[in-house]
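Below is one structure, written out as structure tokens; the observations come after it.
Coordinate-derived values only; no laboratory data. Keep in mind that what you see is a predicted model, and the values were worked out from it rather than measured. Cβ: placed from backbone, ideal geometry, glycine included. Neighbour counts: every protein chain shown.
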């Protein structure tokens, strides 16, 4: 069973240590994502949000750079976030469903139950208010 991508999203970020996420879309508009870097570098993070999974609340990270050409596949049921490691970074991600504002959700980037190692303290991070104030995982309904 393959994944069909319906939309490409490209994000340019000018400052290092800009954090985006942890984002996901709730069912029935959940998305698979394929992420790569066109310019610069990021620390890319995927968090398992599937309640009945043996890896629930666990995360993985990978350093993605334009030079390496590596990609990460983030399946439905996972939250996605990244931290820019270089200025003027461009990220491209393909998604398997169209963006839906009504289904857009997030998890707190600093949730202690997930405990993501960002390699930077809060005072060093740049983020929009939306990403700064998402609820903790324990406070979310069982979306997945």
Practice task
Inspect the stretch 89-100 for any residue being surrounded by 13 or more Cβ atoms within 10 Å (Cβ to Cβ), under 17 Å from residue 33 (Cα atoms) and without any contact (Cβ under 8 Å) to a residue 60 or more places away in the chain and give the result as yes or no.
Solution key: no
Problem - the stretch 128-142, subset buried (at least 16 other Cβ atoms within 10 Å of the Cβ) and out of contact with any strand residue (DSSP E or B) (no Cβ under 7 Å at 6 or more places or on another chain), residue farthest from residue 27 (Cα to Cα) - result: 137
Exercise for the section: Return yes when residue 20 is part of a strand (DSSP E or B) and in contact with a helix residue (DSSP H, G or I) (Cβ under 8 Å, 6 or more places away or on another chain) and no when it is not. Expected result: yes
Completion exercise
Filter the stretch 112-127 for residues that are free of Cβ contacts under 8 Å to residues at least 60 places away in the same chain and at negative phi; the one that is surrounded by the fewest Cβ atoms within 10 Å (Cβ to Cβ) is 123
Practice task
Name, by its number, the condition in (1) under 24 Å from residue 101 (Cβ atoms); (2) free of Cβ contacts under 8 Å to residues at least 60 places away in the same chain; (3) out of contact with any strand residue (DSSP E or B) (no Cβ under 9 Å at 6 or more places or on another chain) that does not hold for residue 35.
Solution key: (3)
Practice task
With respect to residue 52, determine if the residue is on the phi > 0 side of the Ramachandran plot, over 14 Å from the mean Cα position of the chain (by Cα) and loosely packed, with under 14 Cβ neighbours inside 10 Å.
Solution key: no
